[in-house]
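Take a look at the structure below.
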Amino acid sequence: MSNYHNPVMLQECIDGLDIKPNGVYVDVTFGGGGHSREILKNLGKDGKLVAFDQDVDAQANTIDDERFELVDQNFKYLKNFCRLHGAVPADGILADLGVSSHQFDKAERGFSTRFDADLDMRMDQGASQTAKDVINGYSEAELHRIFGMYGEVQNAKTLARTIVTARLNNPINTIADLKSAIAVLLPRGKENKYLAQVFQALRIEVNQELEALQEFLQQSVDVLAVGGRLVVMSYHSLEDRLVKSFIAKGKFSGELEKDLYGNDQKPFEAVSRGAITASEEEIKNNNRARSAKLRIAVKK
Ligand SMILES: C[S@@+](CC[C@H](N)C(=O)[O-])C[C@H]1O[C@@H](n2cnc3c(N)ncnc32)[C@H](O)[C@@H]1O
């Protein structure tokens, strides 16, 4: 499935899961199934793997193996669907966040600045809100917030104002419409970087990516067995910050809490110090690996 998606840090993820041959594993971001196939190779005949993907396109990559099941759901419902599919307690959970190359390279999905298409950007094609709805329906203040927070766009306020003014004349329906509406703001020589930040912000908002990640991390505590592994790979700092904080403190903000005896009150212990990054060799062959950060933790 290398056309669909080339799996990042495959061996590092497998090592992180520390697979027991008869264990129960969950891959919450199936995509092209690269990581799932490798997990199955490491499982014995009594092992089990349950995978999630909210994109119906991923179904085409399903694996014909009686140890495997693919659930077409958002991983924010991790606990319920793991229960339903007999994957609680699990020995390991893998998350490889964000969009797949397939989603990014398919023009009509609207994720890439390289093409013209409707402003869609839904990973789950059945979801109700598209990027078009965000661009045309959000208030100036809401747009300012998402471009500033999720895109780290420097002039997010001006960008929001420009969009709101442009849409008074005509709705902004396509990637080309959006590019033309904000053309005056694109910094010379850094047009692509700026557009990538704008698109990242829209994508995160359309798919409620940070909310889903927080739900997932919180529920992973109840799904994993004691000693089970949590392996999460993220591609931008907003996600990595949430993962890092949750592993270190069991929450997304504030200080680590201690009990009466001074013991840390947190569900996970980090396995590696800091985040693991891809080798230079891998980055040379797969540009997507450049921004990947892998964190591994064990449930206490
Ligand atoms: C980076 S790709 C995973 C690639 C996969 N590891 C492989 O080797 O092919 C991320 C996949 O996760 C899915 N995804 C992202 N967020 C999700 C969520 N909240 N719930 C379910 N699936 C999600 C996307 O649809 C996409 O197919």
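Values in this text are rule-based calculations from the coordinates and carry no lab data. All of these numbers come straight from a predicted model, not from anything done at the bench. Reconstructed Cβ throughout: ideal geometry from the backbone, glycine too, with neighbour counts over all protein chains shown.
Per Stokes-Einstein, at 20 °C and 1.002 mPa s, what whole-number D in µm² s⁻¹ belongs to the range 140-229, with the Kirkwood radius over Cα pairs as the hydrodynamic radius?
145
Rounded to the nearest 5, what is the percent of antiparallel bridges among the DSSP beta bridges in the chain?
Here the share of antiparallel DSSP bridges comes out near 40 percent.
What percent do you get for the relative contact order of the chain when only Cα pairs under 8 Å and 6+ apart count?
RCO, the chain: 18 percent.
How about K179: which lysines have a C-alpha closer than 19 Å to its C-alpha, ignoring those fewer than 8 places off in the same chain?
Within the straight-line limit of under 19 Å, K179 reaches these lysines: K106, K132, K157, K190, K193.
Regarding the chain, what is the average projected area of its C-alpha convex hull, in nm²?
Over every viewing direction, the Cα hull of the chain projects on average to 16.7 nm².
Averaging over all projection directions, find the projected area of the Cα convex hull of the range 118-268 and quote it in nm² with one decimal place.
11.5
Tell me, what HN-Hα J-couplings in whole Hz come from the Karplus equation 6.51 cos²θ - 1.76 cosθ + 1.60 at θ = phi - 60° for each residue of the range 171-185, using x for Gly and Pro?
x, 9, 9, 10, 4, 5, 4, 5, 4, 6, 5, 10, 3, 5, 8
Show me the GluC sites (Glu not before Pro) within the range 27-99 that DSSP assigns to loop and that have at most 11 other Cβ atoms within 10 Å of their Cβ.
E66
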